[in-house]
Every structure is written in C-alpha cells, then in structure tokens.
1. Show me, for the range 154-171, the HN-Hα J-couplings you get by feeding each phi into the Karplus relation (A = 6.51, B = -1.76, C = 1.60, θ = phi - 60°), rounded to Hz, glycine and proline as x.
2. Taking the range 100-187, which trypsin sites (Lys or Arg not before Pro) meet the DSSP loop condition and have no more than 16 other C-beta atoms within 10 Å?
3. Using amide H atoms built in the peptide plane, which far-off residues or other-chain residues are under 5 Å from Val88 H to H?
4. Return the long-range amide H neighbours of Gln75 (sequence gap of 5 or more, or a different chain), with a cut-off of under 5 Å between placed amide H atoms.
5. From largest to smallest, what semi-axes in whole angstrom does the range 1-151 give when each is the square root of 5 times an eigenvalue of its alpha carbon gyration tensor?
6. Which cross-chain or sequence-distant (5 or more) residues have an amide H under 5 Å from the amide H of Trp138, H modelled 1.01 Å from N in plane?
7. Which chymotrypsin sites (Phe, Trp or Tyr not before Pro) in the range 331-417 sit in a loop by DSSP (not H, G, I, E or B) and have at most 12 other Cβ atoms within 10 Å of their own Cβ?
8. In µm²/s, what is D for the range 430-503 at 20 °C and 1.002 mPa s, where D = kT/(6 pi eta Rh) by Stokes-Einstein and Rh is the Kirkwood radius from Cα pairs?
Amino acid sequence: SLIFIVLLMTIVVDHMLVFERQRTEKALENWINGRELDSQADLNIDDMDTFWEWVDGVAIPSVLGVKKELNGITQYGVGSRHVLIGDVRMSYTMFNGDSDMQWLLHTDTAKASLTAKPQDYQQAAKDSAKHLVDHKAWDSMWIERIYFSFITYDEYAEAYACTEVWVKVDRYGQAVPIMNSDAVFVTAYPSIMNYIADVLVAILILYTTVKETISLCATMRLGWQEFKDYWDIWNIVDWLSITTSWSSVGLWIGLAITMQDESLRKILDDDNKIKLDVMTLGLENLENIYDQVNTLRVFYLVTHISLALRTAVLVLKFFKAFQSNPRLKVVTDTFTRSASDLFHFFIVFCTLFLPFVLAGHILFGTDIEEMSSLSAAINTGAMTIFGDYEWYLEYPLSRTGQALPSGMPIMLLFIWFFMFHFIVTLVVLNMLLGIILTHYTTITEEVKLLPDAPAIWVQVRRYIAFKRQTKGFIGLDAIDRGLQNDNDMSHKGEDVSEESLQAAFDGMSERQAQWLMTFLRGEVFKLNEAESKEKAKCTHTEIIRAEEDTSMTAFELSRQLDQPDAELGAKLDEMVAALEAMRKECRSFKARLADLQVPNPTDSSDAQATLANLQVPDPTDSIAVKAFYHAADKAEKPILDNSLHANTAPARPDEAPPRTADKAS
C-alpha cells in the first residue's frame, strides 16, 4: 500500500496534470471575463440585453481581435498562448426545453459579411450575433440558459481547451453569469518516466488481483458456506481496491486513445504544432473537434472521480494493515467502540443544529444571501462551526440600533449568532471531542497492558525474520483455509503434534511442523498470560466494587440508625427483657449447681469420691451406661450429664468409644 500510494501520487501528477490544466483554465477565464470593471461579465450581466452587449463589446473582440503569425499562418490569439480553433459557438435552452445552436462565422449573415470584407472575422461574428437577436429572438425572456463557447489550442502546453460563458436566468429574473474552461492534453506519455510508473502500478494491481482471485477460488471449492464467510469487511475492501484500480486503468486507456483521435490530430504535425489555417476549417471538422474535446473533458472528470475513490479505498487498505499492530489500530478501535455514542451524539447534534439553521433561514433569509435558502443556511451553519464568520462580520454590533433591510433588528442576529456559537460550537462539539478522547484514552491504556504490543519497527524486524524462517514452508493462508473447511477439515483431531500436522497437510516438512509447534506454544503462553492479567484485573475490579458496596451498606445502616424508629425501640425493649430472663436462668443455674455439689475439677480425690458416690458406670460397659443415663434422666440432672461429658466423656451406644477406658480420664 505504501508503494502504491507513492506511485499513485506520481501518475496523478504526471498524467492528470491538475496544476498545469488549472493554470491554463484560469488564464482563459480571466481573459474572456474582460479587463475593465464596467465590462466584466461577472459584474455587468444581469439580463439578456446586457449579455448581448457583453458579447458585442467584450467576448467577440477577445477571441477575434488579436491576430498572430504562427508557423507562417495568420491565426487569432486568445490570451497570451492560445489560438482560436475556427469559430465561436452559441446556443440556448428555453424553459419549455426548446434549444438552438449556431456557429457565428458559418451563418449566412457572416458569409455575406466575409464576402464584402474578407478576413474580417470579428465584424462577421458581430453581424451574425446581431442577426440572431433581431430576427431569431435569441434575447427572448423565456430563455433559461444561453452559452458563448469556443475551442482553443496552446502549442506550448500541447493542450486543447473548451471555454464557456453561460448565463442562467431563473424564473424570478436573476441572471447568474458563469465562466468555465476545461483544458485537455493531447500527449498521454510525454516522458519515459510515465511509462515506468504505469508499468509498476499495473504490476501491483495485477499481483493483488491474482492473489485475491486464488484465495477466492480456493474458498469457493470449500463450499457455499465458506464462500459466504469469505466476504468479510476486509476482503470487500480488497476487491473494492481491485475494482477501482482497474476502472482507473480502463479510463486512462480510453483517455489516451481519445487523445489520438483523427479530428484532433488532423490540424497538428508530429511535433504537436498547428500546421494549417484553422479559420478555414469546415463545419463538420469543427463539430468533430468540439465533440472530441468534450469527450476528453468527460473522460478527465470521470477519471478524477475514479482516482479519488481509489484513494479513499487505499485509506481503508491502510486501516486493514493497521489491524496487525495494536498501536496502529488505536484510531480504528476508537471509532469502533465509540460508534454507538457517536450515533446518539449525532441525533442530539441534529436536534440542535437543524432548528438553529432553520431559524436563521426564517429570520434572515430575505436579507442575508448566506441564509437565503435552507441549503445555504445549513452550509453557513457548518462553516460557522469551523470558524468562518466573514458573513457575520458584515453586520457589526455597533449597528445594534439599526435594522436589516427587511426591518429585522440586527440585535436579533447577534443573539442568534451568540447562542449558536456557544451551544453548538463550544458546548456540543467539545462533548464530541470528549466522547472520542475518552475511548481513545481507554484503548491506549489497554494497549499498555498487552503482553506484546511492539513498535512498528520491531514488527518489521520480526516480519523479516519470519520470512527467513518460513522460507519454503506451506503458506499460512493455505493452512488456514484447510482448518476453516467445515465440510472436510484438514486437521480433524483436537490434539496437535508435529506428526498430526505432517499427516494433515501434504508436503509439510518436519522443520515446518517443529516451527509451527513452537509458534503455537508461544501463542498459548501469550493467551494464558493475557487471561491471567484479565482475571487479576477482574478480581481487582470486584474488590473495588465490594468495597464500594460495603461502604454503601455501612452508609445506609448509619443513615437508618440516625433516624428515629419506633420499631427499633420495641426491639431494644425485647432485648432488655430477654437479658433479664437470662439473668434469672443464671441464678437458678447456680442454685442447682450448689444442690448437686459438683466437685472441684482441680481436686482429683474429691472428684473420684463424688463420682463413686454417684456410681458412674464403667464407660466400656454399654449396659451399665444405658442404665446410668436412664436414672440420670429421671433425676432431671442435665448439668451433671454435661459435666460427665466434659470430664469423663462416657460414650453413648450409638457413638464411637473414647480413646481410653480410664474412669479418671
């Protein structure tokens, strides 16, 4: 893509010759417009009468008033370099669709004038124009558009030019004069460098076409589903690139062929110099030259559009390439993630912007030309957002006490402009920047956490090493297609080894299988490392959320305790009563202990005597133990039972026996 954009710049500069054509066109437009302020077309034509005055006083003398000697032939010069080709063409179109066309020097009136005054082409053209107005109603009020056009040739630039001055008179009576000149060259390849650039571009386009065609055909062999899966966004971009490239090539070939048309080459010699008296050309030759020059104009126009589209697709190709580097795809990821926010922002923006421009059109449309139509108001609003305030500066705030021609107060214009600038430009657009920058900051922080986000020069070095290591290997794209074949997958097992890879892909060497296994282990390690970081990040996030939840719970509890609550008082009363009942139980418990005369556990002799008096059974004698517990239950001595468990731990029949059978234990 980098090589292609350099070559594209070269062929645009060398083939389209935009700068040279623009200079040629400007020279002719300025020449035909007129030099004097009181006769310039754009300042003085406001109806049909003034148009014909300009034709008689400025236009015809400009193209038929200067004689030049070129190659021993008298020609009529236009500007400093150009020569008029044959005649001046006039035409018109009416509101009802009727139209007419005349070559001024080929009318009967002009022929009669030239018979009386040979070689006086200027007077013959004026007489012909006067006849059109007087006898053929070429000044009718029903004419919508009227054209004054002619063809010139510049030997130094080797270029034809078609220049038109046309006046559009709308239904409301406003006349708008427009001057336009289009230059076209007759030499497609002026130097050997043009051929070299074209060959290199053709090789690049052919390489891309062959590569994508092979990939597409291989995918089609895998079945309909794989063919549908092939058409993802980036493959569509590749084919758009191929289509626009070949369309540009085809248009350029058509342009080069048209440059060699016989009607254009007929009046030129091998050095592209005029070789005959062009003022004597017949009507048929003039029509052919006029048609071919206009054909070249169309070819240039369409080629410009095609090359512009090719350039736009080339930008998408760069974005495709950026997907291979995390640092380069930050911009695309930013727009992808912010797409939803941008869409909703655009809705809000339209609800603010459109009412503002509509109000501007309603309030100031009759006074300010930039607000005269809704489309003009929208354009003015957009230009105001980007800092173009020239239209507003024509109505300074010092005139606040005055009004616009319609009576609308200028202060109202100031209020509209201030509110529009503050709300739409300063607030809303800064919100847009905030949305984009927020996502951009998030993505750049994520890139910093990636285990492998190399700089572009590191990636280039790795790529060169990769190409050296994989020289002679089966292409990774072929392996990928085999793995994505749902109908007949190349590698059918889930376990991957060097032997399974060699068995799955015919022709794979042992060295490539070893390289792939090493590569896969490295990728698994990277994935595991990324998952670990992601889990750690999630755990950290959960801890933060838990802390926030705990803080909120404590805050809610504190808030509830701070509030007087009747239920809380009742619960406290219940707790006090329960505590009092527990105190009574404790006092009763102490009395019962005193009655039972529980021995001191630190006095072994006292404990043994007491146990002997209580006739505690041998823990190994299950029958005696049962009898003992039966008697204890009847005597309602649970406290003694607990004491025996704590000191002697006699085992119940349904429990495991104690570790020792000693009574003292």
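1. The phi angles translate into 10, 5, 6, 8, 6, 9, 8, 8, 10, 10, 10, 10, 10, 10, 9, 10, 7, 5 Hz.
2. Lys136, Arg171
3. Leu104, Leu105
4. Residues meeting the criterion, in which the H sits 1.01 Å from N, are Lys68, Glu69, Leu70.
5. Taking √(5λ) for each eigenvalue gives 34, 22, 15 Å, largest first.
6. Close amide H contacts, sequence-distant or interchain: Val133.
7. Hits after loop and neighbour filter: Phe386, Tyr389.
8. 129
The values are calculated or read from the model by the stated rules, or taken from the named source; none is laboratory data. Given the structure is predicted, the values throughout are model-derived calculations rather than measurements. Cβ atoms come from the backbone with ideal geometry, glycine included; neighbour counts cover every protein chain shown. Just the protein is used for accessible areas: all its heavy atoms, side chains included, with ligands, DNA and RNA removed. Shrake-Rupley method; radii C 1.70, N 1.55, O 1.52, S 1.80 Å.
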